[in-house]
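Reading through the structure tokens given below for one structure.
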Amino acid sequence: MTLSRTATHRFLGLALGAGVLALLACDAPQLEVHLRYDEGASTLLIGLSRPLQSGEQLRVGLRQGDPGTLDCASRPSHLEPVETHAAAAPDLGVEVFEGPRVDPAYFEDTVYDTRWLEGEPTAEMLAAAEKGEWLVDLCVMRGDAVVQQAEMDLKRALDRKGVDGKADGEGSRIVSTVAYAEACVEALGEIPFFEPLGDGDYTTYDCLDSTPIPTTVTGPDGVVEYPETQVIACDNPQYIYSLCEPNAVSGRTNGPRVASRSNAQGTHWVLLCRKAKTEEGQYNDIAMIGHNPYTGKTCFFQNALYSRTDGRHVPHPADKVQSEASPQQSNSLWRGIHGGLGSGIQCADCHDADPFIHSPWIDGAVDENGDPIVPKMGIDDDFALGFNDSPYTIVNARGQGWTMPRQLVDDEAAACTRCHRIGSGRWAREWVRRLNGTDARWDRIVTEAYKRFEHRYWMPPDLEGLDEATFGESEYAKAMERILHCGSNPSDCDWLDLPTEPVSEPGEAVTIDLEGTALAMEAAKVLGAEVRDPADPRCTGPEGSCATRRCAECHSVSKNGLRDWLDLTRNAWSECGLDRDPKSLTEAEARAAIDCMRTDPNDPETPFAAAKLGVLAAGVQYGPFRDLFRKAYGDDWLPRYMRFKARVSMPKGNHPKLSQKEFATVVKWMERGLNDLDTVIEEPPPPTACQPFIDAAALSAHAETMRYEGWGAVNAEAGIRMFGCEGRDPTACFSGMPERPEWARNGRLVELTRLSFRSSFWTRSSADGRFVGNGGGPSGATITDLLTGRDIGVDASYDPGFFPDNSGFIFQGGGAGICTQSVLERDDHIDFDEPECIRAAGINLYQHTARGLSGDYFIINSQFTSDAGRGSSDPRANFGPTSTMKFTPMIFNGSTYEPQKAIIVDSPYEGDSVLSPSAQLVVSRLAGPDGTSLGYVVRRVRVQRYGDRYAIDIGQKLAEICVSGAKPNISFDERFFVTHHYENGTSNILLVDLLTGESHQVTEMPSNARALYPHFRSDGWFYFLVKTDAGEEYVLASDAALKLAQAGGGSGGSGGSARAPRAHGELVIDEILYDPSGLADNLGEWFELYNPTSDPLTLAGCVLAGKSRSEVLGDLVVPPRGYVTFARSQEVSFTPDALFGVPLTNTGGSISITCGGITIDEVAYGGGGFPSLSGRALSLDPMWQDADRNDVGEYWCDGGLGTPGAPNPPCN
């Protein structure tokens, strides 16, 4: 597959005179040119927005050098006619040409790196910079006349447009400065230094319009001088370059200058012109930073150091139009993409804690009020002092392969870090030495006057009570020593990642004046509910619908859903005290309020649950929650608060957080009890009852296909080794491993592991059963390797999932992280920065994974109800009429996964949706009145792919199954699903057969113990989590589905035409040995079944039950008027037809066979006239061999050692 990328440039007529331009404007419309690099053919493709007109010729050439030198009229020799048409590409242009071949090395730009910041450049560095970048020169000629001409940065041919029409996108590498600037403008808003002239065309900025940064030299006599040339020592040298530049005086001396502007989005832009050359307005270093303190989004731009130095005409970095009004384009000055650690000049190594660096040098530039030009905490309203959880993230850092420094949160550095952050870059490694006088090189360029105490220690700003003699014992001096130690020995100290999301906004609470219906309507719009207001420009849906996916992506914003939120919010206020002013609380009360928001309020180590906050989870970024944590934890509040916020903050994914005004509106509506809810939201009625239905033919055909073509069969054919299995027979797996019969009702229960941590929400495992993922653990989430016993930490929170082909996994927490499974073989900790991992946008919580048999991967999201595993009844089903399913296709590129554009389909009143492993079925819970769960709906999923687009249809309903439970999970043979069902303070596992709709209870958990989150592995075993009333957590495996499936879907298995028993008496229990001698009970017990009919009867799926437990029977056929025997082991004196695990009690015992919900036979022995025997078999008299007579003790007698597999002798 050939990758292709596109860039656009608008030609404008140049250098021909006004008359000629006017003539051309009439008969030769303006051209736009699009470049694309065909990576397969190493060829440049050129698309034009209009066809070349009669007599016009396109000439193109590649050139390494500086822009602004092209002169088409001189017919440069490197330009060649381009006449060969390429394949039609409508997105490229109406006429597409094949251009010159391009050496891929031309796209590489490694000239500028950190060496340029470490001292004066070498001759070799300067020579490399002077060569310039590779450019594409384009001329449209008509004979000798120049119709239009343009220069374009070659790297723009590698920029591609995403689904939103913008160049590239978050997570994809951006190559050209223009495309990166466009992404920055998209994230931060426009750059106010430049006035727009047209699409991609801007005015330039003059550095001489900026504020001078003064340079002073204080002599021994106290006289202050302002140098007109660079000097060896000055009062306040530059921090990054460690030099003393001339003092700028307009019209006299060129020196450093700085300017700052802010835009309507609240972004602050700073333009710095430094390393001044002799000619006024010329600078070897011109840099620009944009930072939005509310979102944290940040961009850095850097000129081509020492080679493009014109500070009089600084272009917008996204300028791509060579117009007469502003002929300078981006590459007239800017070069490369810079920002995080990993490439370029690595701006974040210096700007390691915040985007704006402050020092006495830069802060010498002040405005008319005496405030620093560069925004500063404690002075600028947008930068609050001590607001250390303000976000800081560089635009497209992940796509560029950048990482960021970390912030120090070590207690011993708190004297400094309680007011501002300290990063792990240059500040911690070296710059703090400039404050405490231990940097000899720095001291050499500082005047003696400014080495004095009051100047050297410009931080902290308040030195009251301290002098040079006492400072060394102060908390500040000790904090500086600790910072330097941590910079040199980072593993000795505590660090946190820099916050990357909005955390809070300082300021007073917003007052909302709306009341009544107006309040209800506005709050419903904020939440994205289905309300209509055609007059509101925000409501762009059909008929003025205001519905959005902001909340509805994951949660129901139906009436029932909103009422549930109201209940949760009221509980947060009343039970957790979140309606109180945090400042009025004691420390103990604040901690109790915080612990109340955990899954277990009595255990401060359990994770937080968003459901405990109701809608307040949408406002945890605002002041009251910060105040609550500050009150509870003092100076240690920040890291705890950050973990809390990351865990519960809503909405998740790419949806915008609620503004302070929006949040206050929603809270007021909750305080008013959702007034006028029925007025503003009109809904069609939900289903009132479950309507049992099974398309038996379709589901049977599907199960038969999956039996041979599904992922269970494919994985077996591929030789994937199943954990706990010696061979290919799944029924023989887990031999010798401990079992938990006390919790079993059907099948074997094998204990796989006991967790060493408290889990959070659901558990899932890999297709081979080796890896088990859970939320919880020291890293936030954990994957347990059952083979090696390792717990692998994962930087996530919850919602694990594994792909059915055993290739990869996904976790949620701060976005979705996806990795190939191979990383688990190697690493003991996963942070999703591994080469095998990606951070995928747009995949929200409660996702489920699948892979189509054609190869594409799929992730489904739908509305869901959180299930923390502590319920006493099944989760509510508040899914409303606007419920949807979102399918995200993904392509595996050989090393990682590439998400494609998502497809959204309507699924009214259905949610908690899961895909089958093959992505051909989807099973959802069905909502009824008042949020009750009516059962499950099974639908066929039809996927059609058209190039890189998909169409998905779920219109065909295959079943409606009237069983109550939680979120389901579908087996790899796609015949069963499993779920858990809460009832009477416990939870048990249910196994549902899609062919019949029958459910089978697998576990029998004691009171206050819960079996939860069952899910299949490839071979038919399924795993689930057990939480005991003692706080212990286990992962168990069950073979119940295997036993139901052994007969190949109930067809009789080896019995050919055998049918299932369907009436009482079609099987008769006629021999029982319940108290053996010479063997233990669990080795010597046995019984016999007789078939009195003329048909072979299969026991597949029938349930054998004793007094205390039961199990599902497998592939065994009872011949017509024949016998089968069951024994507890092979140690008995005959060869049994099958083994069973149900214990036979000696007194008051019973044994029964149930098939298809019908009791075929049941015998209650050990009393009521039955012989009391030890070491001898109970034998039914053959004269009375039916299922009614065998209920009566007098028809049984002492059968001696019995006649297993043969007719019984008559009783005397």
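The values are calculated or read from the model by the stated rules, or taken from the named source; none is laboratory data. Computed from a predicted model, the values in this text were never measured in an experiment. Neighbour counts are summed over all protein chains in view; Cβ atoms, including those assigned to glycine, are modelled from backbone coordinates with ideal geometry.
So, in the stretch 210-230, of the ones that are of a type in the set (Asp, Glu) and exposed (fewer than 15 other Cβ atoms within 10 Å of the Cβ), which residue ends up farthest from Pro360 (Cα to Cα)? Top of the filtered list is Asp221. Considering only the stretch 1152-1159, I want to know if a residue exists there that is within 60 Å of the chain's Cα centre (by Cα) and on the phi > 0 side of the Ramachandran plot. Checked the stretch 1152-1159: at least one residue is within 60 Å of the chain's Cα centre (by Cα) and on the phi > 0 side of the Ramachandran plot. Residues in the stretch 522-549 that are closer than 17 Å to Phe879 by Cβ and buried (at least 23 other Cβ atoms within 10 Å of the Cβ): Leu527, Ala529.
Every residue, every condition in (1) under 31 Å from the mean Cα position of the chain (by Cα); (2) outside any helix (DSSP H, G or I); (3) at pLDDT below 85, yes or no:
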residue: Val111; (1), (2), (3): no, yes, no
residue: Leu126; (1), (2), (3): no, no, no
residue: Leu135; (1), (2), (3): no, yes, no
residue: Leu138; (1), (2), (3): no, yes, no
residue: Gln148; (1), (2), (3): no, yes, no
residue: Met152; (1), (2), (3): no, yes, no
residue: Gly165; (1), (2), (3): yes, yes, yes
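Sub-8 Å Cβ pairs linking a first residue in the stretch 197-216 that is outside the structural domain of Gly281 (by TED's automatic domain parsing) and within 24 Å of Glu186 (Cα to Cα) to a second residue that is among the β-branched types (Val, Ile, Thr) and in a loop (DSSP other than H, G, I, E, B), at least 6 apart or interchain, number zero. Among the residues of the stretch 911-942, just one is of a type in the set (Asp, Glu) and surrounded by fewer than 24 Cβ atoms within 10 Å (Cβ to Cβ), namely Asp930.
Taken together, Thr6, Thr2, Thr43 contain a single residue that is surrounded by fewer than 18 Cβ atoms within 10 Å (Cβ to Cβ), at pLDDT below 70, of a type in the set (Val, Ile, Thr) and within 47 Å of the chain's Cα centre (by Cα), which is Thr2.
Of the set (1) over 60 Å from the mean Cα position of the chain (by Cα); (2) surrounded by 16 or more Cβ atoms within 10 Å (Cβ to Cβ); (3) closer than 19 Å to Leu1089 by Cβ, all apply to Ala1187 but (1). The residue that is nearest to Leu1025 (Cα to Cα), among those in the stretch 958-992 that are surrounded by fewer than 22 Cβ atoms within 10 Å (Cβ to Cβ) and charged (D, E, K, R), is Glu983. One residue alone among Leu853, Leu786 is touching a Lys or Arg at 6+ places or on another chain (Cβ under 9 Å) and not hydroxyl-bearing (Ser, Thr, Tyr), and that residue is Leu786.
Screening Asp310 with (1) buried (at least 23 other Cβ atoms within 10 Å of the Cβ); (2) closer than 21 Å to Tyr202 by Cα; (3) acidic (Asp, Glu) gives one miss only, at (1). Any residue at all in the stretch 634-643 that is in contact with a Pro (Cβ under 8 Å, 6 or more places away or on another chain), under 23 Å from Gly869 (Cβ atoms) and either without any contact (Cβ under 8 Å) to a residue 60 or more places away in the chain or not basic (Lys, Arg) (or both)? No, every residue in the stretch 634-643 fails to be in contact with a Pro (Cβ under 8 Å, 6 or more places away or on another chain), under 23 Å from Gly869 (Cβ atoms) and either without any contact (Cβ under 8 Å) to a residue 60 or more places away in the chain or not basic (Lys, Arg) (or both).
Scanning the stretch 1136-1151 for residues that are of a type in the set (S, T, N, Q) and either at pLDDT below 90 or surrounded by 17 or more Cβ atoms within 10 Å (Cβ to Cβ) (or both) yields Thr1145, Asn1146, Thr1147. Is it true that Gly1169 is modelled with pLDDT under 90, on the phi > 0 side of the Ramachandran plot and in contact with a helix residue (DSSP H, G or I) (Cβ under 8 Å, 6 or more places away or on another chain)? Yes.
Annotation note: of Ala414, Ala440, Ala449, Ala428, the sole residue that is surrounded by 21 or more Cβ atoms within 10 Å (Cβ to Cβ) and not aromatic (Phe, Trp, Tyr) is Ala428.
Listed here are the residues, each with its yes/no results for (1) touching a helix residue (DSSP H, G or I) at 6+ places or on another chain (Cβ under 9 Å); (2) touching a residue at least 60 places away in the same chain (Cβ under 8 Å).
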{"site": "Gln57", "(1), (2)": "no, yes"}
{"site": "Pro76", "(1), (2)": "no, yes"}
{"site": "Leu79", "(1), (2)": "yes, yes"}
{"site": "Ala87", "(1), (2)": "no, no"}
{"site": "Val94", "(1), (2)": "no, no"}
{"site": "Pro121", "(1), (2)": "yes, yes"}
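For (1) farther than 18 Å from Gly813 by Cα; (2) among the β-branched types (Val, Ile, Thr), each residue gets a yes or a no:
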site	(1), (2)
Ile594	yes, yes
Asp600	yes, no
Asp603	yes, no
Phe608	no, no
Ala617	no, no
Pro624	yes, no
Tyr633	yes, no
Trp637	yes, no
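Filtering the stretch 24-40 to residues that are under 24 Å from Ala157 (Cβ atoms) and at pLDDT below 85 leaves Pro29, Gln30, Leu31, Glu32.
Can you confirm whether Val1163 is closer than 22 Å to Arg1059 by Cβ and crowded, with 22+ Cβ neighbours inside 10 Å? Against the criterion (closer than 22 Å to Arg1059 by Cβ and crowded, with 22+ Cβ neighbours inside 10 Å), Val1163 does not qualify.
For the stretch 154-163, filtered to residues that are modelled with pLDDT under 65 and in contact with a Ser or Thr (Cβ under 9 Å, 6 or more places away or on another chain), the residue that is surrounded by the most Cβ atoms within 10 Å (Cβ to Cβ) is Arg160. Here the condition is being modelled with pLDDT of 90 or more and not hydroxyl-bearing (Ser, Thr, Tyr); of Leu585, Leu527, it holds for Leu585 alone. Whether a residue is basic (Lys, Arg), in contact with a Leu (Cβ under 9 Å, 6 or more places away or on another chain), closer than 28 Å to Leu498 by Cα and assigned by TED's automatic domain parsing to the domain that holds Ala353 was assessed, and Lys275 does not pass this test.
Would you check if there is a residue in the stretch 846-866 being surrounded by fewer than 19 Cβ atoms within 10 Å (Cβ to Cβ) and of a type in the set (A, V, I, L, M)? Yes: the stretch 846-866 contains one or more residues that are surrounded by fewer than 19 Cβ atoms within 10 Å (Cβ to Cβ) and of a type in the set (A, V, I, L, M). Which condition breaks for Gly793 when tested against (1) under 26 Å from Ile970 (Cα atoms); (2) in a strand (DSSP E or B)? The one condition Gly793 does not meet is (1).
The numbered conditions (1) part of a loop (DSSP other than H, G, I, E, B); (2) at pLDDT 90 or above; (3) under 36 Å from the mean Cα position of the chain (by Cα) are all true for His1064 except (3).
Where strands (runs of 3 or more DSSP E) fall wholly inside the stretch 885-924, the ranges with 1 or more residues that are in contact (Cβ under 8 Å) with a residue 24 or more places away in the chain and over 17 Å from Ile961 (Cα atoms) are 897-899, 903-906. A single member of Ala248, Ala264 is under 24 Å from Ile357 (Cα atoms), of a type in the set (Gly, Ala, Ser) and without any contact (Cβ under 8 Å) to a residue 40 or more places away in the chain, and it is Ala248. The set of residues in the stretch 711-738 that are at positive phi and surrounded by 18 or more Cβ atoms within 10 Å (Cβ to Cβ) comprises Gly724, Phe734.
Check Arg429, Arg441, Arg434 and return the single one that is at pLDDT 90 or above and assigned to a helix (DSSP H, G or I). Sole residue among the options that is at pLDDT 90 or above and assigned to a helix (DSSP H, G or I): Arg441.
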